[in-house]
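Peer 1: If you scroll down you'll find the structure; I have some questions about it.
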Amino acid sequence: MLRKTAASISALSCLTFWACSGRQKVLDHTFPQHLWVYPDTIWQTFEVSAIQPCRKVELQIELEETYPWRNMYVLFFFQPPNQPPTKARFHLVFADSLGYWYKKNRRFAQIIIPQLALPYTGLYRIGLLPYIRQDTMIGIRRARLYLLPCSE
């Protein structure tokens, strides 16, 4: 009996460590017709089963050739369980001042939050909203958010 309990605790510890240690996709949205229409906020919920003192948030954006600007502003919303939401604005730069893209495949990844604590267990809610010059942003293929260990 003692061996079974020890084995169960060991397996649970390994699973908890594994779940908290790797890259975790918390949002993956493909835009129909490659359009992001203001004020369409992309919302997603994700479960946290163990308190995580430090995670990084990576935003990935995939663009089409038709994307007309060299940058983008987005609002990031974050709401822990039973807590009020917070928001932050981020500026993403995709091309230099001459219009040369930093990535040939137009897939951009940027750490937008270097240290984020997940101090509660339960359902978290996150969202992205374009903070743009016009009502519709064209040339947006996909947006993804990942949580990564702070040690990466």
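The values are calculated or read from the model by the stated rules, or taken from the named source; none is laboratory data. For clarity, every value in this text was computed on a predicted model and none was experimentally measured. Note: ideal-geometry Cβ built from the backbone for every residue, glycine included; neighbour counts use all protein chains shown. Keep in mind that these areas ignore ligands, DNA and RNA; they rest on the heavy atoms of the full protein, side chains included. Shrake-Rupley method; radii C 1.70, N 1.55, O 1.52, S 1.80 Å.
Peer 1: Identify all residues within region 102-112 that are surrounded by 11 or more Cβ atoms within 10 Å (Cβ to Cβ) and assigned to a loop (DSSP other than H, G, I, E, B); write none if there are none.
Peer 2: Initial filter on region 102-112 (surrounded by 11 or more Cβ atoms within 10 Å (Cβ to Cβ)): 102-103, 106-112.
Scanning region 102-112 gives Tyr102, Lys103, Arg106.
Peer 1: So, one more: With respect to Arg70, is the statement that it is open to solvent by less than 90 Å² (accessible area, probe 1.4 Å) and basic (Lys, Arg) true?
Peer 2: So Arg70 fails the test.
Peer 1: If we keep just the residues of region 1-57 that are among the charged types (D, E, K, R) and at pLDDT below 90, which is least open to solvent (accessible area, probe 1.4 Å)? Explain how you work it out, then say what you get.
Peer 2: Narrowing region 1-57 to residues among the charged types (D, E, K, R): 3-4, 23, 25, 28, 40, 47, 55-56.
Right, trim to at pLDDT below 90 and you get 3-4.
Working: Arg3: 206, Lys4: 149 Å².
By that ranking, first place goes to Lys4.
Peer 1: Turning to a different aspect of this structure: When only residues in region 111-142 that are at pLDDT 95 or above and of a type in the set (Ser, Thr, Tyr) count, which is nearest to Pro53 (Cα to Cα)?
Peer 2: Going through the qualifying residues, I end up with Tyr120.
Peer 1: Now, a different point. Just a yes or no: is a residue in region 88-101 touching a residue at least 60 places away in the same chain (Cβ under 8 Å), open to solvent by 30 Å² or more (accessible area, probe 1.4 Å) and within 18 Å of the chain's Cα centre (by Cα)?
Peer 2: Taking region 88-101 first, the residues touching a residue at least 60 places away in the same chain (Cβ under 8 Å) are none.
Looking for residues that are touching a residue at least 60 places away in the same chain (Cβ under 8 Å), open to solvent by 30 Å² or more (accessible area, probe 1.4 Å) and within 18 Å of the chain's Cα centre (by Cα), one finds none in region 88-101, hence no.
Peer 1: Right, here's the next one. So which residues in region 138-152 are within 18 Å of Ile126 (Cα to Cα) and open to solvent by less than 10 Å² (accessible area, probe 1.4 Å)?
Peer 2: Ala143, Leu145, Leu147, Leu148
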